[in-house]
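Visitor: Could you have a look at this structure, given as structure tokens, before my questions?
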């Protein structure tokens, strides 16, 4: 019987041993250089979180907006596709992100229809982009489309002047496939390391020739996000594309998707968007003080520190909310200005202009939703 005796195993080009063998007792020690936890830079890569829509279809507006948590649509023509959190997903997952074309789009030279994920600069400091120490990164994801073809994925900086466009191929229609893309880190350009946008990852579903990159799989000083070889999904009426298990990590190897608990993933999303109350009548908004007659001030504490001072996203229609105080209650329409605004808590205000009547100064009050589609939310999105 042949034997190979070694005291360590190293990777090609590595100076450190990946596995060290103890010659006296034969035990092995693995040198794991990447943290196995918190390695995925994508938040809500399993698409489990949909605070805004709770699984309902959304038609993105011009200039786009966030749909599922942490996923944003950037578009210049509205009404061309819809998105939705759906249950159809590859083995091991229970949700995916589905794009459906609503018409056969004639793609103009300046057309852009994007599904993007923005990574906060504070979360990618360790990548060292923009320096000679920039690290190699690997993107992996599951994808299913109703049409075959070649599709783009672009990595771009905040200033839209550094891009690396790659492609992947759908070989079989209506079949889940796993794709892996590895790119070297960008040693040039400016990459934010603050609470702004550090990196944009874009899955284009349509893109005009104005945004065709000249060379694939290399860093270029431009805002391009597609390539002349790519298929425009939206050029086919009713075409669909689904994503699941999106992961971005340091290194050249795509590890298994890092699952977090539902609560962990939700908390990460709430740094950027927090839906405080919605979904049914009778949801508690909070305890409030009646500062002066018909002037109600509730204070809401966020479950985590938000990325920055948030903006208020609140429903506004007749009798959407109700205030209880001093033995009686009254409906009112919406909330007004924010006061004492911060990234940990916020004060709201509702008064007679919002429909408050019969409330006496100096009393405490309780505020609830009075309609199923009433909501109070806060956005600190990138």
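Since every read-out is calculated from the coordinates, none of them should be taken as a lab result. Owing to the predicted nature of the structure, the values given are computational and were not obtained by experimental measurement.
Visitor: Grab the Cα-Cα distance for residue 313 and residue 161, subtract it from 0.36 nm times how many residues apart they are, and report the gain in nm with one decimal.
Guide: 51.5 nm is the gain from fully extending residue 313 to residue 161.
Visitor: Compactness ratio of the stretch 61-179: Cα Rg over 2.2 N^0.38 Å, N = residue count?
Guide: The value comes to 1.18.
Visitor: Can you bin every Cα-Cα distance in the stretch 273-379 into 5 Å intervals starting at zero and give me the percent of pairs per bin, rounded to whole numbers?
Guide: With 5 Å bins starting at 0, P(r) equals 3, 14, 26, 26, 19, 10, 3, 0.
Visitor: Once Rh for the stretch 200-282 is found with the Kirkwood sum over Cα pairs, what is the Stokes-Einstein diffusion coefficient at 10 °C and 1.306 mPa s, in µm²/s?
Guide: Here the translational diffusion coefficient equals 93 µm²/s.
Visitor: Continuing with this model, one more query. Report the Cα-based extents of the chain along its three principal axes, largest first, to the nearest Å.
Guide: 91, 62, 39
Visitor: Find the Cα radius of gyration of the stretch 65-270, compare it with 2.2 N^0.38 Å by division, and give the number to two decimals.
Guide: This ratio for the stretch 65-270 stands at 0.98.
Visitor: Related question: P(r) tail for the stretch 84-143, what percent of Cα pairs lie past 16 Å?
Guide: Result: 69 percent of Cα pairs exceed 16 Å.
Visitor: Per residue of the chain, what 222 nm ellipticity follows from adding -39500 (n - 2.57) for every DSSP H run with n ≥ 4, rounded to the nearest 500?
Guide: Value at 222 nm, helices only: -500 deg cm²/dmol.
Visitor: May I have the convex hull volume per residue, in Å³, for the Cα set of the stretch 122-239?
Guide: Value for the stretch 122-239: 104 Å³ per residue.
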